[in-house]
Amino acid sequence: MKREKLILLFKGLASEEDKKKILRWIRLSKANEDFFYRIKADYTASQFPVSSKEVNIDSEWKQFKKRSFHSTYNYKQIWPYAAVLLIMLSLGTGGYRILSDGQHKTKAPEISREAITLQLSNGNIKILDEEGSMYVQDTKGNIIGTQKGKQLIYTDSITSTGITETQYNTLTVPYAKTFDLTLSDGSRITLNSGTTIKYPSSFSTEGERKVFLKGEAYFRITKNPQHPFIVSSENINVRVLGTEFNLSSYPEDKKIHTALIEGSVSLYPNGENYDPNRAVLLQPGQVAMWDKALGSVHISETETDLYTSWIDGKIIFRHTVFENIVKKLERHYNVKIRNMNTEFQNKKFTASFDVETIQQVMETFRSGYELNYRIDGNTITIE
């Protein structure tokens, strides 16, 4: 596709026949799609100089949609982001939005605590619509990722973007939700509820690959011996070459659990340099429990399903103290549980839940263990 044809489209001068041809061309390959947006970004930059005035994109988009149904346009006068959205609507390419990591910031929209959010390296925060889709751009306008539904996939763009410094994005998943993330190196991460992860939008061609986790995630790491993968949490670092493991490191929990499914990982204290002679080595089928207060680690054989069942929407408790059960239920169902019955606090229980509602879960404890409770909105009080 010639660049000139696309420019005519951006200017609003393309014929209906050309629009259809461009649409067919875009759908032929991912390379065509990326080229389309690179030209779009260049055209936008040339026509609309960066302004120091902050723009509320969500507000402007609402106004744009309102105008588009009630009036006609001189397409040359449409705001740049509105122009591309109008093009996408007219072409019918799935309604992808553009999420730019440019230097000029936008006013942060009001964010619900129940929303999945993505913070770009410039500080902009965007809500990820679980039913929608969008493209993620870096500071130079390159498309580096695609969000569709409950997954966000980054491309291996380090060689083509022209950006040398590491740019970090931060993904936050609220209670009662999970989300899938694929990093630029192909590593796949499933984030559990109440989790935040900070990661490079593109990994450097030198040194280690490092991400920062607060919460729980299941990792499937792409093997690269020259560039070890490091997961840094509150108290420990987990160093891997290529493996599958689950790491649970919630700030409110007393222990950090690392369960190894496949491969091998090494654990060492956060803030220290990696020393293979001092690091704790895990084997498949083992779990390491790091005591935050004591700074000690205990390794044992385990059923890894106990630590990975949440990926399939299940929660399993095996001889688990009630205090820890409450924390997991709060995160899984997005509720607040007030336990006024201290007798239950340190009791251990064994149970499994799948499709049950929180009320059905509480009924299980009531009928089996004579636990009384009441529900008031989003708060459960155990009496």
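Below is a table of values for the structure above.
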| item | result |
| --- | --- |
| Rough spin-label spacing in nm, given labels placed 7 Å along Cα→Cβ, for Ala351 and Ala31 | 5.6 |
| Estimated vicinal HN-Hα couplings, Hz - the stretch 187-203 in sequence order (Karplus 6.51, -1.76, 1.60; Gly, Pro = x) | 5, 10, 10, 9, 9, 7, 4, x, 10, 10, 10, 10, 8, x, 5, 9, 7 |
| Residues Arg113, Arg3, sorted so that the one with the fewest Cβ neighbours within 10 Å comes first | Arg113, Arg3 |
| Ala176 paired with Gln226, simple spin-label distance in nm, labels 7 Å along Cα-to-beta-carbon | 4.7 |
| Candidate aspartates and glutamates - alpha carbon under 12 Å from Lys126, same-chain residues fewer than 8 apart omitted | Asp58, Asp101, Glu110 |
| Relative exposure of Leu171, Leu247, judged by other C-beta atoms within 10 Å (fewest first) | Leu171, Leu247 |
| Thr364/Leu8 FRET efficiency (R0 51 Å; Cβ-Cβ; nearest 0.05) | 0.20 |
| Loop-resident sites, the stretch 326-383, for trypsin sites (Lys or Arg not before Pro), counting at most 16 other Cβ within 10 Å (DSSP) | Lys347 |
| Fewest-first sequence of Glu114, Glu234, Glu206 by Cβ atoms within 10 Å of each Cβ | Glu206, Glu114, Glu234 |
| Long-range amide H partners of Asn237 with built H, under 5 Å | Tyr268, Asn270 |
| Net dipole in debye of the stretch 250-296 [+1 Lys, Arg Cβ; -1 Asp, Glu Cβ; about Cα centre; nearest 20] | 100 |
| Members of Lys148/Lys327; Lys255/Lys336; Lys140/Lys177 lying beyond 24 Å, as alpha-carbon distances in this model show | Lys148/Lys327; Lys140/Lys177 |
| Förster radius 35 Å - calculated FRET efficiency between Lys292 and Asn122 (Cβ-Cβ, nearest 0.05) | 0.55 |
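No value in this document is a laboratory result; all are computed from the given coordinates. Remember, predicted model here, so these are calculated numbers, not experimental data. All Cβ positions, even for glycine, are placed from backbone atoms using ideal geometry, and neighbour counts span all protein chains on display.
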